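Let me begin by presenting the structure, written as structure tokens, before commenting on it.
The values are calculated or read from the model by the stated rules, or taken from the named source; none is laboratory data. Note that the structure is a prediction, hence the values are computed from the model and not measured. In this analysis, Cβ positions are derived from the backbone assuming ideal geometry, glycine residues included, and neighbour counts consider all displayed protein chains. Protein only, heavy atoms only, side chains kept; ligands, DNA and RNA dropped before computing areas. Shrake-Rupley method; radii C 1.70, N 1.55, O 1.52, S 1.80 Å.
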Amino acid sequence: MNTERKIIHIDMDAFYASVEQRDHPELKGKPVAVGHAEKRGVVAAASYEARKFGVRSAMSSVKALKLCPQLHFVEGRMEVYKEVSGQIHEIFHRYTDLIEPISLDEAFLDVTHNKKGIELAVDIAREIKRSIREELHLVASAGISYNKFLAKIASDYRKPDGLCTIHPAQAQTFIDRLPIESFWGVGPVTAQKMHTLGIYNGKTLRECSLDMLVRQFGKAGQIYYNFARGIDERPVEPVRIRKSIGCEHTLEKDISTTSSAIIELYHVACELCERLERKEFKGTTLTLKVKFHDFTQITRSISTDKTLRILKDILPLAKQLLSGVDYQNHPIRLLGLSVSNPKEENPEELLHQPAQWVQLKLKFKD
């Protein structure tokens, strides 16, 4: 296990909402939600003032307003967020070019060998946080450790405006106490399954054998086994190959008839094709996402030997996937389509493309 690396994870605090509060001083100190306030709207991001009332991303606007009647809704400005993330990126490059963007507001930095010759990674993190605050008037949290798993855990540990270092000598004690819900890659469903197996924290996870974890969780079992021991050898990768392209539409009203579903599916497929062409993306797997009236959702996928780029290839597959969904009894609230499994003609070219901070839609977490 390599404990000599110096990895920083930077995560902007309530990024979209904070940008809106910065650009609209009248919103400072007030509960703010980025998204649509209408009946079928969804909160894309919430300020910390709003979170005190229980408002969270991905929550319906109706519920958010019930929790916080004084909530201020602001329409998202993705172009502005992209521009600001680029400015943050420029600050990172003052210290290292080994930067792995995760989203517009989140990135890993490998500062083991940094441009300024600063010995302690925590000092670099402090300088980055200070520069972001002074130059951009925004707040970031930073986590520092010897691998990506622990650096990300550390950045979440003291939010907002956090700064946390997990040293190699402290790592195992820290992990043992960590609730299983805080482990990277463990969502609510997986956490519930772990609870049924008697796994509640890093210590009880570490007591499980590799065979047992792989049997219960497949390939992810190996990852959980390693994480419980503070092992994560993944490098910080400046080149990020786009793995999928997708789009989704929240419908004006719930639909339950075949004709309405096919019409909406057609519109989503048309937008997907436009994005595929614009990004010159080639994939072989089509995934349908359906969110029902009660906010439960499912996904269905199908793979093919041919590249999926044009409507005449995508729409029939989308209809085939939709035909297996019971929406007559469970009206549809949202439809989405995505193409994945990149099929590149010249993979070598991708290895020399610069990293980009890209995002197709507002991320439901910040």
Taking 0.36 nm per residue of separation and subtracting the Cα-Cα distance, what length does fully extending GLN192 through LYS279 add?
27.5 nm
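So for region 74-114, Kirkwood radius off the Cα pairs, Stokes-Einstein at 37 °C and 0.692 mPa s: how many µm² s⁻¹?
Details: Rh = 11.0 Å.
The Stokes-Einstein estimate is 297 µm²/s.
Quantify, in whole percent, the carbon and sulfur part of the accessible surface of the chain (1.4 Å probe; protein heavy atoms only). Please report the intermediate quantities before stating the final value.
Details: 9410 of 18330 Å².
Within the chain, the accessible surface is 51 percent carbon and sulfur.
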How about region 112-174: which trypsin sites (Lys or Arg not before Pro) there lie in a loop by DSSP and see at most 12 other Cβ atoms within 10 Å?
LYS115, LYS116
Directionally averaged projected area (convex hull, Cα atoms, region 91-200), nm²:
7.7 nm²
What is the distance in Å between the Cα centres of region 75-128 and region 227-272?
26 Å
Taking just the alpha-carbon atoms of region 187-230, what radius of gyration and Dmax come out, in angstrom?
9.2, 24
Charges on Cβ only, +1 for Lys and Arg, -1 for Asp and Glu, centred on the Cα centroid of region 153-265; of PHE227, SER209, THR257, which one is farthest towards the dipole's positive end?
SER209
Orientation-averaged projected area, Cα convex hull of region 161-255 (nm²):
10.6 nm²
Taking Cα centroids, how far is region 136-202 from region 1-73 in Å?
21 Å
Would you check the accessible area of ASP232, probe 1.4 Å, heavy atoms only, in square angstrom rounded to 10?
10 Å²
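For a quick check of your reading of the filter: which GluC sites (Glu not before Pro) in region 94-175 sit in a DSSP loop and have no more than 13 other Cβ atoms within 10 Å? Walk me through the numbers before you get to the answer.
Values: sites: GLU106, GLU119, GLU127, GLU134, GLU135; in loops: GLU119.
Answer by residue number: GLU119.
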Using 7 Å Cα-to-Cβ label points, what is the HIS93/ASP294 separation (nm, one decimal)?
5.1 nm
Within region 209-287, DSSP-loop GluC sites (Glu not before Pro) with at most 14 other C-beta atoms within 10 Å are GLU233, GLU280
Quick calc, the chain, dipole around Cα centre from Cβ unit charges on Lys, Arg (+) and Asp, Glu (-), nearest 20 debye, gives 840 debye
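With n ≥ 4 as the cut-off for DSSP H runs, can you work out [θ] at 222 nm for the chain, using -39500 (n - 2.57) per run divided by the number of residues, rounded to the nearest 500?
-11000 deg cm²/dmol
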With all protein chains present, calculate the accessible area of THR173 using a 1.4 Å probe and round the result to the nearest 10 Å².
70 Å²
Could you give the nm distance between label points at ARG309 and HIS167, where each point is 7 Å from its Cα heading toward the beta carbon?
5.5 nm
Charges on Cβ only, +1 for Lys and Arg, -1 for Asp and Glu, centred on the Cα centroid of the chain; of ASN147, GLY218, PHE108, which one is farthest towards the dipole's positive end?
GLY218
Computed curve, region 31-92, Cα-only Debye sum without solvent term, log₁₀ I(q)/I(0) at 0.26 Å⁻¹, is -0.95
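Return the inverse of the average 1/r over all pairs of distinct C-alpha atoms in region 226-271, which is the Kirkwood hydrodynamic radius, in Å to one decimal. Each step should come with its number before you reach the end.
On the way: mean 1/r = 0.0671 Å⁻¹.
Hydrodynamic radius (Kirkwood, Cα pairs) of region 226-271 is 14.9 Å.
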P(r) over all Cα-Cα pairs of region 29-152, 10 Å bins from 0 to the longest distance, whole percent per bin, short to long, reads 12, 34, 28, 19, 6, 0
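Can you quote the Å³ per residue value for the convex hull of the Cα atoms in region 194-344, rounded to an integer?
Working: hull volume 25.3 nm³, N = 151.
So the per-residue Cα hull volume is 168 Å³.
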Charge-dipole axis of the chain as Lys and Arg at +1 and Asp and Glu at -1 on Cβ define it, positive-most pick from ALA318, HIS93, THR296
THR296
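Mind checking the alpha-carbon convex hull of the chain and giving the volume per residue in Å³? It would help to have the intermediate numbers written out before the result.
Values: hull volume 58.4 nm³, N = 366.
It is 160 Å³ per residue.
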